[in-house]
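Here the structure comes first, spelled out in structure tokens, and everything after it is commentary.
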Amino acid sequence: MDLQTLFSLDGRTALITGGSRGVGKMILEGYLAAGCKRVYISARKEDQINAAVDEFGDKVIGIPTDLAQVENCQKLAELISQKEDKLDILVNNAGAAWGEDFETHSEAGWDKTMDINVKGLFFLTQALHPLLKKSATFEQPAKVINIASVDGLKINPWQTYSYQASKAAVIQLTRRVAAELIKDNIQVTAIAPGAFQSDMNKAARDHINEVGKNIPYPRVGTPEDIAGLAIFLAARAGNYMVGETVVCDGGIVNASLPGNSIDID
């Protein structure tokens, strides 16, 4: 058993949406360390993409894209198909959150969250299906990894209704798409992160010690925690994982004792 081969991404090509910051950037760094020959990243803000490309070098190619619109999902797939004849790994990480009181919660906030977190994820996977299919073999499947959240598995105290609903949808959608794409040797899984430092999770970013002490394993997640799991799922080591959502949260979902209140957002 060769551990180097088991956890290697040597020579593989990946796309990470929302790859310029937060969890996406953590996965980007991990994939480069694991040997990816090229990683495409997309994000809505061009300056953040440029900063990531400058930081990580010429193996990273940035494409500014707003994946809330289906036509942009198709354009992104087309741009990649002009540069690559296949795609080995797709990480659907781009996301948005919205917090607003129940009585005033707007349609605009609902649509923004659902369009990016659920609709964009589905239609980008659909648009990239031909490239993933060209990469996939029985011995080495192509991989689609969706980034969900612990908020899709448990409620939090914040009024982020559309966000929590969208992440629950990602988990169920992962199962259904996995059932379809496994016929093409494309394995679909998901990760449900807990508290990681990012612009979306300002509490973990700005109050790391206070948030960490309320987690069963009392700390906030590190880049190595999320990148290691994303490498495992993308590599040979994860080739028997199909439709699964793996929780990466220090025990918030599955090891919190009754009565404990854990606020991670």
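The values are calculated or read from the model by the stated rules, or taken from the named source; none is laboratory data. What you are looking at is a predicted structure, and each value in this text was computed from that prediction instead of being measured. Backbone-built Cβ (ideal geometry, glycine too); neighbour counts: all protein chains shown.
Counted as qualifying within the stretch 1-115 are no helices (runs of 4 or more DSSP H), as none has 3 or more residues that are closer than 20 Å to Ala136 by Cβ and among the aromatic types (Phe, Trp, Tyr).
Just one of the listed residues (Thr104, Thr137) is of a type in the set (S, T, N, Q) and without any contact (Cβ under 8 Å) to a residue 40 or more places away in the chain, namely Thr104. I'm checking my understanding of the structure. Among residues of the stretch 130-155 that are part of a loop (DSSP other than H, G, I, E, B) and of a type in the set (S, T, N, Q), which one is surrounded by the most Cβ atoms within 10 Å (Cβ to Cβ)? Selected residue: Ser149. Just one of the listed residues (Met26, Met1) is closer than 25 Å to Asp225 by Cα and surrounded by 15 or more Cβ atoms within 10 Å (Cβ to Cβ), and it is Met26.
For Val70, indicate whether it is in contact (Cβ under 8 Å) with a residue 12 or more places away in the chain, within 21 Å of Leu128 (Cβ to Cβ), crowded, with 22+ Cβ neighbours inside 10 Å and aliphatic (A, V, I, L, M). No, not satisfied. Here Ile89 meets the list (1) more than 18 Å from Pro64 (Cβ to Cβ); (2) over 20 Å from the mean Cα position of the chain (by Cα); (3) not acidic (Asp, Glu) almost entirely, failing just condition (2).
Within the span defined as the stretch 188-197, every residue fails to be modelled with pLDDT of 95 or more, within 22 Å of Asn92 (Cα to Cα) and in contact with a Phe, Trp or Tyr (Cβ under 8 Å, 6 or more places away or on another chain). If Asn201 satisfies all but one of (1) at pLDDT 95 or above; (2) crowded, with 20+ Cβ neighbours inside 10 Å, what's the number of the condition it fails? Exception for Asn201: condition (1). Selection within the stretch 206-265: residues that are modelled with pLDDT under 85, part of a loop (DSSP other than H, G, I, E, B) and of a type in the set (D, E, K, R). The member of this set that is surrounded by the most Cβ atoms within 10 Å (Cβ to Cβ) is Asp265.
Residues that are among the polar types (S, T, N, Q), at pLDDT 95 or above, within 15 Å of the chain's Cα centre (by Cα) and assigned to a helix (DSSP H, G or I) do occur in the stretch 156-167, at least one of them.
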